[in-house]
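The block underneath contains the structure these notes are about, expressed in structure tokens.
The values are calculated or read from the model by the stated rules, or taken from the named source; none is laboratory data. Since the model is a prediction, treat every value here as computed from it, not as a measurement. Cβ: placed from backbone, ideal geometry, glycine included. Neighbour counts: every protein chain shown.
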Amino acid sequence: MSEIFEDQTLKRKQQIFKSALRFQESAAGVSIQRVSGSYLYRILKPVLDARRRAYEGEDNHDSGTRAWDAVDPADHNPDPSDKLINEIYNMDRTFSGCKTKSLDMLSSAESIAMEWKERGAPGHGCLLLAWKTAFDPTSKKLQPAVLVGAATLHKFVSSVNFSTDHESAPNRGSLGDSDYKVLTGQKLIGSNEKRNYFSRNTMYIDGLCAKGKGGIGKILILHALLWGIMRKCTGVIALSFSTTQKQRPESYSAFVSLGFASIIPAANYKISRMYGTWFFMSIDSIGLTTILKDVVDVCTRKGFTKATSDTLVMRCHN
């Protein structure tokens, strides 16, 4: 069946893609939870309010920024007994390995919440959480779920919260002038299509972190594509992030293996310690590089009639 996959309609490809996700989650032993932007804001409002009060209590920007960062989220956790809320408030600890590399998942989640407060539902903000589940053969019970991955998603917008803001003046804004021209369709790199990624309802991965093996990072990227499909986006964009100019980002190979196109090979920010590669995938270009060939063979069949012999029919239902 995989040989006729590329001939299927976009809607049919997306149906197969959704089934493939379920298989990949099962293989990795994870379950992906989606926390909406509105609910995330409700969860994080206590710590965001505390940060705002600390910031506004200072006399200048630098001291205000230090005061914002000095707020301990644990002091403002609204319900430590709630596993989901508690895990979100403790993401700095859970994903400490990413934080030491300047990828702060709690800060990214707070940015999604602040953008939801500003833009509401049209921003498509959400937090994806990957929970590892395992069966204990001794007790013959499922062990408690463990948080092993997270990703933050929002419509691609120009915002200081995402370091996607830009000003033409020197040392103002975050994006470098050259990168900004590529992202707004004023400049073309290589053979890529010229497009304004800010104005095409593009889904943006702001933060991505995964622990352990099993391809959890890839699964989160695939769920970002799914969220983009659900929000009727044209594609998904992401910065594969690195803190040094010469080091290849850890997520680089995941984006490449899934078929993402490199639209800016070497990001050029105005702010320090932000490097990496900008990747993009159009929703209508999801192909067999993105999903498992075996899933296509298991979850689809050819039509029984001569008229439908080149049509893949779903036999795995979501």
Helices (runs of 4 or more DSSP H) fully within the range 51-136 counting 1 or more residues that are within 29 Å of Gly276 (Cα to Cα) and touching a Leu at 6+ places or on another chain (Cβ under 6 Å) = 83-89, 91-94, 105-119
Please determine, by comparing only the residues of the range 16-63 that are touching a residue at least 40 places away in the same chain (Cβ under 8 Å) and hydroxyl-bearing (Ser, Thr, Tyr), which one is nearest to Val298 (Cα to Cα).
-> Ser19
Those residues of the range 1-41 that are surrounded by 16 or more Cβ atoms within 10 Å (Cβ to Cβ) and among the charged types (D, E, K, R) come to a total of 4
What single numbered condition from (1) under 18 Å from the mean Cα position of the chain (by Cα); (2) at pLDDT below 95 fails to hold for Ser19?
-> (1)
For the range 201-208, does any single residue satisfy the condition of being part of a loop (DSSP other than H, G, I, E, B), among the polar types (S, T, N, Q) and either surrounded by 19 or more Cβ atoms within 10 Å (Cβ to Cβ) or at pLDDT below 95 (or both)?
-> yes
For the range 190-197, indicate whether the set of residues that are part of a strand (DSSP E or B), surrounded by fewer than 22 Cβ atoms within 10 Å (Cβ to Cβ) and of a type outside the set (Phe, Trp, Tyr) is non-empty.
-> yes
Cβ-Cβ under 6 Å pairs, at least 6 apart or on other chains, the range 212-235 side more than 18 Å from Tyr252 (Cβ to Cβ), far side of a type in the set (Asp, Glu) | none
Which residues, counting only those in the range 47-89, are touching a helix residue (DSSP H, G or I) at 6+ places or on another chain (Cβ under 6 Å) and over 28 Å from Trp131 (Cβ atoms)?
-> Ala54, Tyr55, Glu58, Gly64, Ala67, Trp68
Take the residues of the range 235-256 that are surrounded by fewer than 17 Cβ atoms within 10 Å (Cβ to Cβ) and either among the charged types (D, E, K, R) or modelled with pLDDT of 90 or more (or both): which is farthest from Ile16 (Cα to Cα)?
-> Lys246
Positions within the range 165-195 being under 25 Å from Gly125 (Cβ atoms) and touching a residue at least 24 places away in the same chain (Cβ under 8 Å), in sequence order = Gly173, Ser174, Leu175, Asp179, Val182, Leu183
